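The values are calculated or read from the model by the stated rules, or taken from the named source; none is laboratory data. If you're wondering where the values come from, they're calculated on a predicted model, not measured in any experiment. Cβ sites come from the backbone with ideal geometry, for glycine too, and all protein chains shown count toward neighbours. SASA here: full protein model, heavy atoms, side chains in, ligands and nucleic acids out. Shrake-Rupley method; radii C 1.70, N 1.55, O 1.52, S 1.80 Å.
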Amino acid sequence: MLRIRRIFNNNVVLVIDAKGLERILVGRGIAFQKKVGDAVENDAIEKTFVVDSPSVTDRFIQLLEEVPINRLELATLIIKNTEDSLKITFDGNTYIGLADHINYAVNRFRKGETIKNALLLEIKKFYPNEFSAGMQALEKISYYEGIEMNEAEAGFIALHFINGGLNNDTGLTLSTTEILEKIVLIVEDCLAIKLNTDSLNYVRFVTHLKYFIQRVIINEPRKKTFPEMFEQVTIFYPKATDSVKIIKQYLQEKLNCQIYPEEEMYLILHIQRLIK
């Protein structure tokens with residue numbers, strides 16, 4: 001039996017379950033004519049999130065203050081549909097991030113403001129399922145908000161799904177973080193620079209690395225290719241190439257994998273952007 005511990009609004013409540021765990025429940029009218037201590041009917045629950053820290057509750061409160069209820073409901077629908085299609089369960093942080101993003105994106109779109117997604121090609125290439133879910137999310141946004149967003153926005157939404165999937169695997173997250181930290185140190189040492197972690201190029205670089213590391217760890221199939229541009233890139237960008245040679249050796253030893261020329265080329269180009 002789930003009993004209400006706190007009512008945020010008619011559609012969101014904090015409850016405690018039989019094991020003493022706190023959960024946030026989302027559902028249209030779930031708290032209508034309810035008070036603290038009352039039980040919640042199962043058929044009123046649309047989404048459940050386990051509260052693993054006070055910060056999750058605090059972020060939900062902030063979200064409820066800033067995002068209209070109709071967009072919270074839209075985010076709930078998109079999360080549920082994506083969980084079904086990707087066979088995954090997202091946590092509260094993913095829901096909060098997605099709801100906040102959808103609200104911001106819709107408001108931005110209506111003001112005529114567009115943002116280029118610099119990672120779109122990589123997302124489409126390496127995470128086609130998440131990107132497809134992002135395109136399906138755009139269909140829902142179009143139906144409920146009456147606006148037509150482009151696939152760049154689907155890529156931004158897909159990033160929430162990708163990161164949400166990582167949150168389900170603590171071991172994968174820890175392994176990825178450890179390797180990323182080491183590679184950043186290698187780059188800074190080789191180039192004798194301090195990377196600007198606030199720059200878009202840094203975000204691009206780390207995001208690309210994160211996706212690559214995850215693909216290797218989960219043993220996702222990778223094709224061995226030798227692009228025509230590879231030799232030219234190594235000649236044009238010798239400093240970046242030298243640092244990638246060290247990164248390649250480290251990754252091959254750490255992950256017991258083979259780094260292919262195409263993957264080297266992408267890393268060289270990303271590091272060259274960091275140099276600029």
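Worth a mention:
- Scanning region 109-137 for residues that are open to solvent by less than 50 Å² (accessible area, probe 1.4 Å) and β-branched (Val, Ile, Thr) yields one hit, ILE123.
- When restricted to residues that are more than 28 Å from the chain's Cα centre (by Cα) and either at pLDDT below 85 or in a strand (DSSP E or B) (or both), region 17-41 contains 5.
- The one condition in (1) among the basic types (Lys, Arg); (2) touching a residue at least 40 places away in the same chain (Cβ under 8 Å); (3) within 24 Å of LEU274 (Cα to Cα) that LYS245 fails to fulfil: (2)
- Of all residues making up region 9-65, the number that are open to solvent by 80 Å² or more (accessible area, probe 1.4 Å) and closer than 21 Å to ASN103 by Cβ: 5
- So THR89, is it assigned to a loop (DSSP other than H, G, I, E, B), in contact (Cβ under 8 Å) with a residue 40 or more places away in the chain and not hydrophobic (A, V, I, L, M, F, W, C): yes
- In the set (1) more than 14 Å from GLY92 (Cβ to Cβ); (2) under 25 Å from the mean Cα position of the chain (by Cα); (3) not hydroxyl-bearing (Ser, Thr, Tyr), the condition left unmet by ILE61 is number (1).
- Looking at region 172-260, the helices (runs of 4 or more DSSP H) lying wholly inside it that each contain 2 or more residues that are farther than 30 Å from HIS160 by Cβ and of a type outside the set (Asp, Glu) sit at 230-236, 238-255.
- Residue check, LYS224 open to solvent by 30 Å² or more (accessible area, probe 1.4 Å), closer than 19 Å to GLU122 by Cα and not small (Gly, Ala, Ser): yes
- Region 150-160: number of residues that are touching a Phe, Trp or Tyr at 6+ places or on another chain (Cβ under 9 Å) and surrounded by fewer than 22 Cβ atoms within 10 Å (Cβ to Cβ): 2
- Total residues in region 11-41 satisfying the condition of being farther than 17 Å from ILE79 by Cβ, free of Cβ contacts under 8 Å to residues at least 40 places away in the same chain and not aromatic (Phe, Trp, Tyr): the figure is 20.
- Residues located in region 72-102, provided they are closer than 20 Å to ILE147 by Cβ and either out of contact with any helix residue (DSSP H, G or I) (no Cβ under 7 Å at 6 or more places or on another chain) or open to solvent by 20 Å² or more (accessible area, probe 1.4 Å) (or both): GLU73, THR76, LEU77, ASN81, ASP100, HIS101
- The test for being more than 24 Å from VAL203 (Cβ to Cβ) and part of a helix (DSSP H, G or I) holds for LEU77.
- Per the listing ILE186, ILE268, ILE217, the residue uniquely within 26 Å of LEU120 (Cβ to Cβ) and open to solvent by less than 60 Å² (accessible area, probe 1.4 Å) is ILE268.
- Where a residue in region 114-143 is within 17 Å of LEU98 (Cα to Cα) and assigned to a loop (DSSP other than H, G, I, E, B) and its partner, wherever it lies, is open to solvent by 20 Å² or more (accessible area, probe 1.4 Å) and not acidic (Asp, Glu), with Cβ under 7 Å and at least six apart: ASN117/PHE156
- When residues in region 230-239 are screened for being open to solvent by less than 100 Å² (accessible area, probe 1.4 Å) and among the aliphatic types (A, V, I, L, M), 1 of them pass.
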